[in-house]
Amino acid sequence: MSTKKVQSQLRAAALEQRMLRIERKPKFADRLDGFIVGVGSKWALLARIAEGHFDGYFAFRIRDVRRIRSDTTFMGAFARTQPEWPPTSPFEHALDSTEGVILALGQSGPLFGILKDNEHDAMWVGGYDDIIKKMVYLHEVRPDASWHDEPLGYKLKAITGVETGTRYMTALAAISGTEPPAPAG
């Protein structure tokens, strides 16, 4: 599917407030369910739905979209009954570059996650530190809610998804705190 066709379908779904199921090309990419709340030249933003409930935001590369379908389950109708309806974007105009997505989502909540679906079936979660020479640096939180001692860097071009505001990240931030502890000494 061409980028222009994908953008057109995503924009139409956003205007119609239609819930979508999006399949992406990367090897380890999960299917995305939710409502489109933003479309840029390179990235789109989805208000994710899990079992009918809103569960954060997920930005994905438009070029990675393999298939778009309208959701025909009850979940879209149930989502419309939730207090978060209608979903809106937490930021403006950041979907034209990976750096813009990282800056917007990385600063919209205490924690955010990056995915590199072509390399690993994993997500790296943490707080935004910096972007230097086409690398993003995160103060990472481990799954046991402990913080890494130093920020770790990832190539911007390898990132296939960025998410924030999920129940998982809310719970992780509640236990880990919202920023790394000060170095001992």
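Data table
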item	result
Residue identified as farther than 13 Å from residue 163 by Cβ, among the acidic types (Asp, Glu) and surrounded by 13 or more Cβ atoms within 10 Å (Cβ to Cβ) among 55, 64	64
Subset of the range 154-170 (residues that are in contact with a helix residue (DSSP H, G or I) (Cβ under 7 Å, 6 or more places away or on another chain) and either part of a loop (DSSP other than H, G, I, E, B) or farther than 18 Å from residue 94 by Cβ (or both))	159, 160
Whichever residue in the range 13-30 is assigned to a loop (DSSP other than H, G, I, E, B) and at negative phi and, among such residues, is surrounded by the fewest Cβ atoms within 10 Å (Cβ to Cβ)	27
Near pairs, Cβ below 7 angstrom, 6+ apart or cross-chain, from the range 72-101 (closer than 19 Å to residue 166 by Cα and in contact (Cβ under 8 Å) with a residue 24 or more places away in the chain) to any residue that is among the aromatic types (Phe, Trp, Tyr) and surrounded by 15 or more Cβ atoms within 10 Å (Cβ to Cβ)	79/54; 82/54; 84/54; 87/35; 87/54; 90/57; 101/43
Contacts under 8 angstrom Cβ, first residue in the range 148-159 being farther than 22 Å from residue 43 by Cβ, partner of a type in the set (D, E, K, R) and not in a strand (DSSP E or B), 6 or more apart	148/142
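Taken together, the values in this text are just the output of simple stated rules run on the coordinates, not laboratory data. Bear in mind the structure is a predicted one, so any value in this text is a computation, not a measurement. Using ideal geometry, Cβ is built from the backbone for each residue, glycine included, and neighbour counts are taken over all protein chains shown.
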